[in-house]
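To start, the structure itself, in structure tokens.
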Amino acid sequence: MGNKFFSKFQIGKETTRGTLVAADTVLLGQVSAVKPDRKPVYPVEQFGVRAESLRSVIHQYLVSDTFKSDHAYFQLLPLVFGCGLKGGVTPTENTPAQGDYPWNQSPSLTAANTPDSFSGEKGDDTQAFQFAYGMIERIRLAWNVAQGMDASPVSLEFDYFARELTPAAFTGSISLPTVEPMNGKLSRLYVDTAWAGVGGTEKTNILRSADIEILTGVHPVFSGSANKYFNQYAEGVIAVTLQLTLEGNSAADAIFDAQQAQTFNVVRLALNGGQIGTGLNHKLNVDVGGTWESVTPMSSEDRSDNLHAAVFRGYYDATGAKLLQVNSVTNVASY
């Protein structure tokens, strides 16, 4: 009998896209059901019997699933952004012998980003299922700042696709990771009016919650071939939206004014972590250029404090020639 506590999801970065590799990393999070990778059809036909079908047919395969970590950690970030936004990135240690690696995985808007692919293994102590050619099509980070001593974890989820599921055995003897948690209480908000000044103006005493959603544009492409799974991937449009809950103060009112005037802003959401040895701190900066799509003063209240709900929509800025920047620092050099 399968046991929930033996469930796990582990991955390995592929050397050749679509060629299975052994897993080398266990992802810490919530392991969901194994979704079917194929859907039979039952042709409705007439064949002299009081029944509408006498056969089933499966034409194509596709793995389409979501991984979620309710208490996300910085070591996850290079994998997620590398298989969704920008592949082939090799970081350089910032401080000698300290293991602090800056990852710039900001996607190009005019050239191929060639995201990496991964092989995955998902299951429990009864059965594991493996797949190849895993890539990420949606990334979401979200958190609420607790109003007391409760936790303020950052949740991270990503939607991925892959070719097909095959019953298999887990790769064994993989060490469990030592991780640095992402803490929503250590998040910071910056709002500037040009890419040249991004991260220069912090809005203090304002950020209550944040929700970042990135649609990577990466998708499978099916065409006629010898196999029932997809042949290749393609890169489409990248889109990003931020949803924020703000303290209803004068800074939030200024954001309301910017929404009414549709003033171009560059928003930075920063998440900070502990120091890596004597080097840099764990960090994530997500920078988005665009305008405020909506700002709703007094959308809710907390212990008589009025809060604003704000939605920021990213778009391409011709002056800065940017839409989105993603930079992180953590203590892993590869994934």
At 222 nm, what helix-only mean residue ellipticity would the chain give, in deg cm²/dmol to the nearest 500, using -39500 (n - 2.57) for each DSSP H run of four or more? -1500 deg cm²/dmol
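Averaging sequence separations of C-alpha pairs under 8 Å and six or more residues apart, then dividing by the length of region 209-335, give the relative contact order as a whole percent.
On the way: 250 pairs, mean separation 29.5, N = 127.
Taking the mean separation of contacting Cα pairs over the length of region 209-335, I get 23 percent.
Give me the number: length gained by fully extending residue 234 to residue 249, i.e. 0.36 nm times residue separation minus the C-alpha to C-alpha distance, one decimal in nm. Please list the in-between numbers first.
On the way: separation 15, 0.36 × 15 = 5.40 nm, distance 4.41 nm.
Result: 1.0 nm gained on full extension.
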Measuring from the longest principal axis of the C-alpha atoms of the chain, the long axis of helix 250-261 (C-alpha) lies at a number of degrees, nearest 10, equal to 70 degrees
Among 82, 199, 314, the residue with the largest mean-square fluctuation in a Gaussian network model of the chain built from Cα contacts under 10 Å is 199
Take the chain, connect every pair of alpha-carbon atoms lying under 10 Å apart with a spring to form a Gaussian network, then pick out the residue of 163, 17, 138 with the largest mean-square fluctuation. 17
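Would you please classify the overall shape of region 265-335 from the alpha carbon gyration tensor, given that a ≥ b ≥ c denote the square roots of the eigenvalues, rounded means a/c under 1.5, and beyond that prolate means a/b larger than b/c while oblate covers the rest?
Values: a/c = 3.78, a/b = 1.39, b/c = 2.72.
Oblate is the answer for region 265-335, as a/c is 1.5 or above yet b/c matches or exceeds a/b.
Sequence gap at least 6, Cα distance under 8 Å: using those rules, report the relative contact order of region 129-249 to the nearest whole percent.
Working: 219 pairs, mean separation 32.2, N = 121.
Reported as a whole number, the value is 27 percent.
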Under unit Cβ charges (Lys, Arg +1; Asp, Glu -1), what dipole magnitude, rounded to 20 debye, does the chain have relative to its Cα centre? 740 debye
Quickly rank 34-46, 88-100, 285-297 as a protection proxy: mean count of other C-beta atoms within 10 Å, highest first. 285-297, 88-100, 34-46
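Computed from the coordinates by the stated procedures, all read-outs in this text should not be read as laboratory data. Just so we're clear, the structure is a prediction, and the values are computed from it rather than from any experiment. Cβ coordinates were reconstructed from backbone atoms using ideal geometry, including for glycine residues, and neighbour counts include every protein chain displayed.
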